[in-house]
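Okay, so here's the structure we're looking at.
Any read-out appearing in this document is the output of simple, stated calculations on the displayed coordinates, not a laboratory observation. If you're wondering where the values come from, they're calculated on a predicted model, not measured in any experiment. Note that we place each Cβ from the backbone using ideal geometry, even for glycine, and neighbour counts take in every protein chain shown.
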Amino acid sequence: MGTALLWLRDDLRLHDQPALRAALDRGLRPLPVYIHAPEEEGAWAPGAASLAWRRRSLAALAAELERRGSRLLLLRGPTLDTLQALAARSGAEAVLWTRRYEPAIEQRDAHIKRSLRQAGLHAESFNGALLFEPWELATRQGDPYRVFTPFWKSARAHWREPRTWDAPPQLPSLETLDLPAAEPLDDLLPAPSPAWDTGFWQRFTPGEQGAQAALQRFLDGAVHGYAQGRDFAAETGTSRLSPHLHFGELSVRRAAAAVLAAGDAIAEADRDRFLAELGWREFAHHVLHHYPHTPERNLAPRFDDFPWADPDEALLEAWRHGRTGVPIVDAGMRELWHTGWMHNRVRMVVASWLTKHLRQHWLQGARWFWDTLVDADLANNTQGWQWTAGTGADAAPYFRVFNPVTQARRFDPQGAYIARWVPELAELPLPARFAPWEHPQLAHRLAPAYPCRPQVDLAAGRAAALAAFATLPRGPAA
Ligand SMILES: Cc1cc2nc3c(=O)[nH]c(=O)nc-3n(C[C@H](O)[C@H](O)[C@H](O)COP(=O)(O)OP(=O)(O)OC[C@H]3O[C@@H](n4cnc5c(N)ncnc54)[C@H](O)[C@@H]3O)c2cc1C
């Protein structure tokens with residue numbers, strides 16, 4: 001039986017895994033290998049929270065493979081040399097993998113593919129991460145989309161019923177192969193010490209089984225009413241599938257297929273809204289592929305002259321650690337720190353506060369999210385930051401400045417989210433909990449440990465942001 005290296009990266013699953021399927025269909029024994037080479041990811045090497053997740057996800061995948069008679073080989077880069085050496089030693093004739101779309105990785109992988117082919121190996125990549133390849137959809141003029149609605153309309157018009165398949169119950173053994181010694185997981189990705197990630201695992205279980213359970217919980221619960229419920233920060237109103245989707249523990253096709261298969265059991269509005277959110281993920285990858293400079297630079301060149309404030313370490317530190325004096329912002333930043341995740345509505349609020357009220361460059365926020373989110377994803381994070389800052393594709397206009405107090409009143413009406421993450425405000429009754437500085441005596445008595453005023457006055461911050469925006473030349477936002 002011939003052998004194919006199954007080079008695993010952000011596709012840490014065995015169901016609906018096109019590279020694995022291809023190996024089995026061709027009668028090749030898959031040799032699953034993960035090669036750790038963060039230094040090859042350019043300016044966006046994975047952050048600390050992402051590495052903590054990957055450690056657990058790899059352990060879960062290794063266990064799944066062993067249950068099926070195979071195993072996961074963990075190695076260290078450089079990737080190309082490692083793949084070539086492994087192919088030579090194991091006698092593999094093919095290298096198969098799922099595509100990734102980060103610009104530095106796309107370039108590296110193209111080089112790897114060419115080099116492997118030149119060396120006489122069969123090298124092939126597959127789409128296992130998206131519903132549509134980023135280059136598949138184009139406007140009538142043949143250009144990339146920069147607006148979500150027509151992008152998604154076109155996607156729905158080209159929709160193929162997402163067919164998926166289960167993990168094979170058994171896999172060919174690797175026992176007869178000559179393999180190099182594997183790197184111990186603890187050497188490759190040591191456990192965080194001290195264990196700052198404990199809070200992550202109270203909410204999430206990395207790995208394919210954890211992903212499947214999260215999908216099932218969503219189908220049994222939050223999907224019903226999702227169209228409205230997704231905006232309320234204190235509730236589990238969304239799927240919380242983002243890290244599982246990022247690491248490919250759950251195929252996006254399976255997530256889409258699951259809500260479609262439920263038929264009338266899920267209201268049309270909820271189903272369509274959820275599919276559209278998966279659509280935003282598709283759109284983010286489309287934009288990143290066509291505009292690979294956007295993780296660092298504005299998509300809208302008009303903003304290149306925007307007068308951002310100079311980086312202010314004191315303001316930034318207070319923002320990062322949830323000490324801004326704005327309750328909903330602080331709640332979000334603390335949720336992020338403790339769980340590695342933040343509610344989408346609150347992500348927009350904290351990003352707006354940073355880029356508009358504080359006028360700090362959006363990259364400052366994108367970098368912090370990159371290090372602290374378990375779902376840190378270059379396409380989605382870039383889009384989220386550029387969208388909120390007003391510099392991106394189909395972005396919220398810069399002049400639309402979120403008022404964090406109004407947002408809290410609307411999307412955390414009982415103040416429960418604030419009380420959970422900023423416990424020193426829990427004694428403060430509503431509406432003081434939304435804006436303690438408006439009730440100074442009460443705040444002084446019932447929340448003495450909380451900053452007595454926001455780091456900038458809300459009205460003054462807003463006015464300064466609008467004045468800065470007014471200095472830009474007129475022109476299309478994007
Ligand atoms: C400033 C900012 C930064 C962000 N950074 C990231 C990031 O690094 N990684 C990330 O996955 N998402 C990011 N998002 C998008 C969004 O906040 C998360 O995808 C969502 O909160 C994940 O929760 P969920 O899985 O419960 O989402 P659900 O509402 O259940 O949505 C289902 C899936 O759709 C996708 N999705 C949902 N909303 C969006 C969106 N706005 N853009 C792109 N995809 C979306 C995600 O894969 C998500 O898991 C960011 C948003 C903002 C405003």
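For the stretch 3-129, what is the relative contact order in percent, using Cα pairs closer than 8 Å and at least 6 residues apart in sequence? Intermediate values should be presented prior to the final figure.
On the way: 171 pairs, mean separation 44.3, N = 127.
Relative contact order of the stretch 3-129: 35 percent.
Kirkwood-based Rg over Rh for the stretch 332-478 (C-alpha set), two decimals?
Using Cα coordinates only, the ratio equals 0.99.
Mind computing the radius of gyration and Dmax over the alpha-carbon atoms of the chain? Å is fine for both.
Rg then Dmax for the chain, in Å: 23.5, 78.
How long are the semi-axes of the equivalent ellipsoid of the stretch 387-473, defined as square roots of 5 times the Cα gyration tensor eigenvalues? Whole Å, largest first.
Numbers: eigenvalues 179, 48, 17 Å².
The answer is 30, 16, 9 Å, longest axis first.
How charged is the neighbourhood of Trp362? Take every other residue with its Cβ under 14 Å from the Cβ of Trp362, and add Lys/Arg as +1 and Asp/Glu as -1.
Values: positive: Arg297, Arg347, Lys356, Arg359, Arg367; negative: Glu296, Asp304.
That works out to +3.
Given the -39500 (n - 2.57) contribution per DSSP H run of 4+ residues, what per-residue ellipticity at 222 nm results for the chain, rounded to the nearest 500 deg cm²/dmol? Write out the running numbers ahead of the final one.
Numbers: 21 runs with 218 residues, N = 478.
Using -39500 (n - 2.57) per qualifying helix, the result is -13500 deg cm²/dmol.
Across the stretch 123-205, how large is the tail of the calculated P(r) beyond 16 Å, expressed as a percent of all Cα pairs? Can you show the working numbers first?
Values: 2608 of 3403 pairs.
Distances greater than 16 Å cover 77 percent of the Cα pairs.
If Lys and Arg each add +1 and Asp and Glu each add -1, what is the summed charge of the other residues whose beta carbon sits under 11 Å from the beta carbon of Trp97?
Details: positive: Arg9, Arg99, Arg100, Lys113; negative: Asp10, Asp11, Asp109, Glu124.
Around Trp97, the surrounding residues sum to 0.
Subtract the Cα-Cα distance of Leu179 and Glu39 from 0.36 nm times their separation in residues, and report this length gain in nm to one decimal.
Numbers: separation 140, 0.36 × 140 = 50.40 nm, distance 2.45 nm.
Full extension of this stretch gives 48.0 nm more.
Per residue, how big is the convex hull around the C-alpha atoms of the stretch 3-129? Give it to me in cubic angstrom, could you? Mind showing how you got there, number by number?
Values: hull volume 12.6 nm³, N = 127.
Given the Cα convex hull of the stretch 3-129, per-residue volume reads 99 Å³.
Would you tally the net charge around Gly221, using a Cβ to Cβ cut-off of less than 12 Å, leaving Gly221 out, and scoring K and R as +1, D and E as -1?
Working: positive: Arg217, Arg240; negative: Asp220, Glu235, Asp270.
Once all neighbours under 12 Å are counted, the net charge is -1.
Scan the chain and report its longest stretch carrying no GluC sites (Glu not before Pro) that are both in a DSSP loop and have at most 16 other Cβ atoms within 10 Å. Working shown, then result.
On the way: sites that count: Glu93, Glu136, Glu175, Glu235, Glu296, Glu427.
The longest such stretch corresponds to 297-426.
Check each of the trypsin sites (Lys or Arg not before Pro) in the stretch 29-118 and keep only those in coil by DSSP with at most 16 other C-beta atoms within 10 angstrom; list them in order. Before the final figure, lay out the partial values.
On the way: sites: Arg54, Arg55, Arg56, Arg67, Arg68, Arg71, Arg76, Arg89, Arg99, Arg100, Arg108, Lys113, Arg114, Arg117; in loops: Arg68, Arg71, Arg99, Arg100.
Qualifying residues, ordered by number: Arg68.
For the residues His343, His224, what sequence is obtained by ranking on other C-beta atoms within 10 Å, fewest first?
Details: His343 25, His224 15.
The order, fewest Cβ neighbours first, is His224, His343.
How far is the Cα center of the stretch 82-109 from the Cα center of the stretch 394-454, in Å?
50
Suppose we keep just the alpha-carbon trace of the stretch 139-267; what are its Rg and Dmax in angstrom?
19.9, 55
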